[in-house]
Amino acid sequence: MAGAVGVFEFNSGRLCLDFANTVRSRPTSDRIELINKYDDLISWARQATILTSGEAALLDENAMRRRRPASDALSEALLIREAIYGVFSARAAGLPAPAADLRTLNRAVGQAMAHAGLVASGSRFEWAWPDVAPDLDRVAWWVSRSAAELLTSADLPLVRECAGYDCGWLFMDTTKNRSRRWCDMSTCGNRAKGRRHYERRRGGSGGQRPTP
């Protein structure tokens, strides 16, 4: 969990989880929202490489002309983000997916796939949005499809939630023994290590008075 506002992290291993991670300190009262306006959503999508510079420019122009629909699209994207977090956080904890979150995600997946199609990519084909001009909901389509693909893949058991008490970020545990606990060892992992060291030293003192 690192980086300044406006500079997003893409280290979870899946697009949908990276999107869920656009909130810092999710479990605490100090929660920090990284996507506060439609421009932030476009910026995230550009950094995620799911929008070309041309598509981003078209969406930016569209959002400037249609401020209310852009605001609605932002609200919908964040609603989907929270549903993605709810479903995958529950899965990481071995719990059933919250029904309301699954309904939200299913609705979003249906909307995304209504616009999806196959396009040639070299000698193979891939999903994309053929013959569809960039829509204000384009980012939501990408992350919804990513979530659906992960939920139906053999990699689903690899989803973890960071053990940092103040983090809440999701990631794919691809370690050999499936023992990864932190979204990033250099941040949450080191903080936890520091706390353990402090507690050991504090416990070791036993509260005894110094020897005269």
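If the condition is being assigned to a helix (DSSP H, G or I), in contact with a helix residue (DSSP H, G or I) (Cβ under 6 Å, 6 or more places away or on another chain) and either over 13 Å from ASP135 (Cα atoms) or among the aliphatic types (A, V, I, L, M) (or both), then the stretch 35-45 contributes LEU41, ILE42, ALA45. I'd like to check something: does the stretch 161-172 contain any residue that is surrounded by fewer than 15 Cβ atoms within 10 Å (Cβ to Cβ), outside any helix (DSSP H, G or I), modelled with pLDDT under 95 and within 18 Å of the chain's Cα centre (by Cα)? Scanning the stretch 161-172 turns up at least one residue that is surrounded by fewer than 15 Cβ atoms within 10 Å (Cβ to Cβ), outside any helix (DSSP H, G or I), modelled with pLDDT under 95 and within 18 Å of the chain's Cα centre (by Cα). Scanning the stretch 46-71 for residues that are assigned to a helix (DSSP H, G or I) and either touching a His at 6+ places or on another chain (Cβ under 6 Å) or polar (S, T, N, Q) (or both) yields GLN47, SER53, ASN62, SER71.
Scanning the stretch 16-34 for residues that are touching a Ser or Thr at 6+ places or on another chain (Cβ under 8 Å), at pLDDT 95 or above and part of a loop (DSSP other than H, G, I, E, B) yields a total of 2. The set of residues from the stretch 99-117 being at pLDDT 95 or above, surrounded by fewer than 16 Cβ atoms within 10 Å (Cβ to Cβ) and either outside any helix (DSSP H, G or I) or within 18 Å of the chain's Cα centre (by Cα) (or both) comprises just one member, ASN106. Examine the stretch 119-142 for a residue that is touching a Pro at 6+ places or on another chain (Cβ under 7 Å), modelled with pLDDT of 90 or more and crowded, with 16+ Cβ neighbours inside 10 Å, and state whether such a residue exists. The answer is yes; a qualifying residue exists.
The values are calculated or read from the model by the stated rules, or taken from the named source; none is laboratory data. Everything numeric in this text was worked out from a predicted model, so none of it was measured. All Cβ positions, glycine included, derive from the backbone under ideal geometry; neighbour counts span all protein chains shown.
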